[in-house]
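Worksheet for the structure shown next.
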Amino acid sequence: MKFLHLSLLVGISLLTHFLHAQQAAFTLSENSGCSPLVVSFDASTSTGVAPLTYVWDFGNGNTSTGTDQQSPGAIYTSPGTFNVKLTVVDANNTSSAEVVQQVRVFANPVAAFTVSDSVGCPPLEVTFINSSTAADAPITDWVWDF
């Protein structure tokens, strides 16, 4: 009988631990782009004993903490790779879980062009030659304003 009682207590203890296990998880609206890169975060899939406290380190020098910080945002203005860390703390401040994801900010492209002719009589045909450069990512769109 003692074995059954002990087994039942261990089973209940493991089930309670499993049901209340902390899990930190979040999604990002963007994980890469040019600056200024605005990113929204959503930690609604994090689990644990409520209310959960969300402790964010955005990797850009900014942080955010609170039970109301499930879906914060951050702006990245410098190129680089930033580690975003979320720590989820349970209602008793006794259990926590962490997860890290990266945000990559590309250096902005440098717009440049040359012209075939810059002076002449009308009708003057001018060819514009794109010489724009990008350090981190390919340029995908150009907007010309003549």
Per Stokes-Einstein, at 4 °C and 1.567 mPa s, what whole-number D in µm² s⁻¹ belongs to the chain, with the Kirkwood radius over Cα pairs as the hydrodynamic radius?
66
In a Gaussian network model of the chain with springs linking alpha carbons closer than 10 Å, the residue among Asn92, Asn83, Asn108 that fluctuates most is Asn92
Could you tell me which of Ser118, Gly66, Ala134 has its Cα farthest along the dipole of the chain towards the positive end, charges placed at Cβ (Lys, Arg +1; Asp, Glu -1), taken about the Cα centre?
Gly66
About the Cα centre, charge dipole magnitude for segment 50-146 (Lys/Arg +1, Asp/Glu -1 at Cβ), debye
240
Enter the accessible area per residue of the chain (Å², integer; probe 1.4 Å; all protein chains in place).
68
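Pull out the extension gain between Glu30 and Val143, defined as 0.36 nm times the separation in residues minus the alpha carbon to alpha carbon distance; nm, one decimal.
Length gained between Glu30 and Val143: 38.4 nm.
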Ratio Rg/Rh, restricted to segment 80-139 and using Cα atoms, in which Rh is the Kirkwood radius
1.52
Whole-percent carbon and sulfur share, accessible surface of the chain, 1.4 Å
57
Between the Cα axis of helix 2-19 and the main Cα principal axis of the chain, the angle (0 to 90°, nearest 10) is 20
Local charge sum around Ser64 (other residues, Cβ-Cβ under 14 Å, Lys/Arg +1, Asp/Glu -1)?
-2
Take the Cα radius of gyration of segment 22-83 and divide it by 2.2 N^0.38 Å, with N its residue count; two decimals is plenty.
1.16
Paramagnetic label zone (point 7 Å from Cα along Cα-to-C-beta, Val115; backbone N under 17 Å) in segment 123-146
123-132, 144-146
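The values are calculated or read from the model by the stated rules, or taken from the named source; none is laboratory data. These numbers come from a predicted model, not from an experiment. Every residue, glycine as well, gets a Cβ built from its backbone with ideal geometry; the counts of neighbours run over all protein chains shown. Keep in mind that these areas ignore ligands, DNA and RNA; they rest on the heavy atoms of the full protein, side chains included. Shrake-Rupley method; radii C 1.70, N 1.55, O 1.52, S 1.80 Å.
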